Amino acid sequence: MLSAFSAPGRFWKGNLHTHSNRSDGALEPAEVCRRYREAGYDFLCLSDHFLSQYSFPLTDTREYRTERFTTLIGAELHAPATHLGDLWHILAVGLPHDFAATPEGEDGPALARRAAAAGAFVGIAHPQWYGLDFTDGLALDAAHAVEIYNHTCEMLSARPDGVALFDDLMTRGRQLTGFASDDAHFHANDSFGGWVQVKAETLEPEALLAALKAGNYYASTGPEIVSIERDGDRLSVAASPVRSIVLAGPGARSAVVHGEAITEAELDLSRFAGGWCRVVVTDNNGKRAWAQPFTV
């Protein structure tokens, strides 16, 4: 899915997974929005835990929007039960304000379907952190994406990753995208570590949401992916200075260019024929950016 680099518009930086004191975060919504705005973000989704103990909050952040900063309405949804018996953690970005509380008896996959039907971009949150496997990923059949990096999980448990599940589901035929986020609660150093760059013509919430659903974005913890262009079996990648530009595909299939502060690479797609691959760039600090997968 290379549309992020050919679609009209520009990239907007945002965080899709964040908490305030409307659930278990430390800060008021206004303060959370202020911190992200002043950190140079273009948009934010406050995704407080949609649970009865917090009165099922859909935190309204519309009053914190400005000409240069906007918000999306969302929540982290919960219902029984993963294959390990835990409550699901399902990110839903772009929920309507009248999204109904989770009724007794509604399971995670049904809740995700209801959120998607209501117009939300649905993400499988922090899969490594609580041990999701491919059976869980396949069960969430309404999901648009997998959270491939979660900064809070990095800081608190060293389990930030969702790439293994993402790749496994892709290989099993699921068409998904991957996003990075903070999952910030502001109890520790859990903010400004993972984000998305969304390609849209305007900063309007509707435009951002449509771009997310279309896969017109990439995920990052630091580097910038400037462009990706395909010409037959050749892929041209441009990025901010990095130490490697990798094409990763099913199983062990990969292609890589290494160097010192490289900003361009030409990669051969022929070994990925009949399958899929995705671009990953890594800088000298080990920070990464992930483009969305595409078929070859």
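Read the figures in this text as sums done on the coordinates, not as results from a lab. If you're wondering where the values come from, they're calculated on a predicted model, not measured in any experiment. Here the Cβ positions follow ideal geometry from the backbone for every residue, glycine too, while neighbour counts run over all protein chains shown.
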Loop-only check: which trypsin sites (Lys or Arg not before Pro) in segment 17-98 are DSSP coil with at most 15 other Cβ within 10 angstrom?
68
Charge dipole magnitude, Cβ of K and R +1, D and E -1 - segment 232-272, Cα centre, debye nearest 20:
180 debye
Go ahead and set up a Gaussian network model of the chain, Cα springs under 10 Å, then flag whichever of 148, 262, 228 fluctuates most.
262
Which residue fluctuates most in the GNM of the chain (Cα springs below 10 Å): 40, 137, 119?
40
Scan segment 157-234 for GluC sites (Glu not before Pro) in coil per DSSP, keeping those whose Cβ has at most 15 other Cβ atoms within 10 Å, and list them by number.
201
With +1 assigned to the C-beta of every Lys and Arg and -1 to the C-beta of every Asp and Glu, and no other charges, what is the dipole magnitude of the chain about the Cα centre in debye, to the nearest 20?
540 debye
Given just the C-alpha atoms of the chain, how large is their convex hull per residue in cubic angstrom?
121 Å³
May I ask for the net charge around residue 6, where only other residues with Cβ less than 15 Å from the Cβ of residue 6 are counted and Lys, Arg are +1 while Asp, Glu are -1?
0
How long, wide and thick is segment 107-237, going by the Cα atoms along their three principal axes, in whole angstroms, largest first?
42, 34, 33
Between the residues 293, 153, 177, the Cα farthest towards the positive end of the dipole of the chain, that dipole coming from +1 and -1 charges on the beta-carbon of Lys, Arg, Asp and Glu, is from 293
Per-residue ellipticity at 222 nm attributable to helices in the chain (runs of n ≥ 4 DSSP H, -39500 (n - 2.57) apiece, nearest 500 deg cm²/dmol) works out to -5000 deg cm²/dmol
